[in-house]
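Inspection log for the structure reproduced underneath, given as structure tokens.
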Amino acid sequence: MATIGDIIHYSIYTSVAGDIHVIIQDFEKPEAMEVRDQTLDENNTFKMQIVFWDTGHFSIPSIDVVFLNADSTEKLRMKTDAQEIIIVSSTDPSMVGVMKSVKDPLPVSRPLEWKIILLISTLFLTLAIMIWLSLKYRREKLIGPPINIQPQPDEIAIEKLKTLRDKAQNNLDLKEFYVQISYILREYVEHSFYLKTLEMTTEDIKSLENMLPFSDEEMKAWLALLERSDLIKYAKMMPENNIYTQDLTTAEDFIQSTISYWKRLEAPSA
């Protein structure tokens, strides 16, 4: 009697004389029976381990043992007796108190955590790229501060007044001169304060007095230039000699004094 999973040691011992060899023939095994470790040693002793994986009455079948002459011809054939065996469950009451042999623990290999390895590799790769970029951009120096290609409204107006001054010294056309100086100042105010002064009359601009941050003197100087320009454009008056040079200076002073109302000035370097 045995329980399911018990290892049953089965041996066939032979005793021969002279130069005789033994062969153990294969045999038909029950479906629930498993045979392990079949060996035939130099003493012609056959050993095997048997395990049953079902309960019930079973029979270890008879096995043919063949004795051979020195020339490998068959000398004698014998057959073992069949062995009856009962296999019961390990929970069977009749098996209470029967201790099974202790088996050695099987080694367990821990599987590789590929996900963790991949995440750690990605982390180190990201850190390496960040360090490389940091060192790369630290070594690179800017050639100079970025250049503002677009000129500011005050720069455009001052440059146009300078061109107008140079032109007036060579060939002065008073009507064209005052048309230009009026346009330059209107354009400057429109681009710096975002008021449509190029489309306004002088009277319309007067109505903006409370909307603009100019002082009374600045507003008065600007309006005086606009009114004089209107009169000369429509040939209603002729300016006094060399007054245009004073008007150019007044226009330049007006632009310089009003820059702080709209433009952020850089602090002077120490």
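How tilted is helix 114-139 with respect to the longest principal axis of the chain? Cα atoms for both, answer in degrees (0 to 90, nearest 10). Once rounded, one gets 30 degrees. Between the Cα long axis of helix 174-193 and the first principal axis of the chain there is an angle of about 30°, rounded to the nearest 10. Extents of region 153-261, largest first, come to 37, 29, 23 Å (Cα atoms, principal axes, whole angstrom). Of the three principal axes defined by the Cα atoms of region 2-95, the extents in descending order read 54, 20, 18 Å.
Around the amide H of D6, modelled in the peptide plane, lie the amide H atoms of F52, all under 5 Å away and 5 or more residues distant in sequence or on another chain.
Across the chain, where is the longest run that never hits GluC sites (Glu not before Pro) in a DSSP loop with at most 15 other C-beta atoms within 10 Å? Of all site-free stretches, the longest is 43-112.
If the viscosity is 1.567 mPa s and the temperature 4 °C, what translational diffusion coefficient in µm²/s does Stokes-Einstein give for the chain when Rh comes from Kirkwood over Cα pairs?
42 µm²/s
Of all chymotrypsin sites (Phe, Trp or Tyr not before Pro) in region 18-76, which ones are in loop regions per DSSP and have a Cβ with at most 15 other Cβ atoms within 10 Å? Please list the in-between numbers first.
Details: sites: F27, F46, F52, W53, F58, F67; in loops: F27, W53.
Qualifying residues, ordered by number: F27, W53.
Which pairs in the list K196/K220; K196/K263; K233/K263; K115/K136; K47/K79 are over 23 Å apart, alpha-carbon to alpha-carbon? Mind showing how you got there, number by number?
On the way: K196/K220 19 Å; K196/K263 19 Å; K233/K263 32 Å; K115/K136 31 Å; K47/K79 16 Å.
Beyond 23 Å: K233/K263; K115/K136.
For the chain, the longest principal axis of the Cα atoms and the long axis of helix 153-170 meet at an angle of about 40 degrees.
Each reported figure results from applying straightforward, stated rules to the coordinates on display, with no laboratory input. All of these numbers come straight from a predicted model, not from anything done at the bench. FYI the Cβ positions are ideal-geometry reconstructions off the backbone, even for glycines, and counts take in every protein chain you see.
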